[in-house]
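Engineer: Before I ask anything, here is the structure I am working with.
Values in this text are rule-based calculations from the coordinates and carry no lab data. Nothing here was measured: the structure is a model prediction, and the numbers come from that model. Ideal geometry is used to build each Cβ from the backbone, glycine not excepted, and the neighbour counts take in all protein chains shown.
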Ligand SMILES: CC(C)(COP(=O)(O)OP(=O)(O)OC[C@H]1O[C@@H](n2cnc3c(N)ncnc32)[C@H](O)[C@@H]1OP(=O)(O)O)[C@@H](O)C(=O)NCCC(=O)NCCS
């Protein structure tokens, strides 16, 4: 049973500009160390950073909370399987929210071009 779906699209330039302006302080607020390391392993990290930002917003919509006191950036982590398929690891309040909804699965899908990054999320019981 589907409990919620979420979608998000973001201009890569917006994230690139925040990264240029605030650097590590910005990415550390949004992303986990492994997420950052993966993004920075690319010559142009901006689309990879942007899509992870987008994925977290999409997940927050699937929960119906938005990014808020109940679900912060650091309560969600996007990881990759060997194949490249992304998956979500919830931490702290994210884990609690997931349990409180009696959810069983949280799926994400990511896409990016040079200009836009988009993500969808599905929360299932
Ligand atoms: C919910 C949230 C993710 C929406 O994202 P957004 O970038 O503001 O807006 P988007 O264009 O992607 O999405 C807008 C749509 O989200 C949907 N939405 C709004 N609140 C929602 C919620 N609680 N649950 C699910 N969907 C929601 C609505 O359908 C809305 O469309 P509408 O305004 O036409 O009704 C956003 O409110 C949020 O929590 N953002 C945190 C972002 C932040 O802190 N940024 C600071 C920069 S680090």
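Engineer: Along Cα→Cβ, 7 Å out, is where each label goes; now give me the distance between the ones at residue 83 and residue 105 in nm to one decimal.
Structural biologist: Label-label distance for residue 83 and residue 105, simple model: 1.2 nm.
Engineer: Quick check: residue separation of residue 33 and residue 96 times 0.36 nm, minus the Cα distance between them. What number comes out in nm?
Structural biologist: Gain in length upon complete extension: 20.5 nm.
Engineer: Moving on to the next point. Looking only at Cα atoms, what is the convex hull volume of the chain per residue, in Å³?
Structural biologist: In the chain, the Cα convex hull volume per residue is 98 Å³.
Engineer: Could I have the simple spin-label model distance between residue 65 and residue 42, label points 7 Å from Cα toward Cβ, reported in nm to one decimal?
Structural biologist: 2.7
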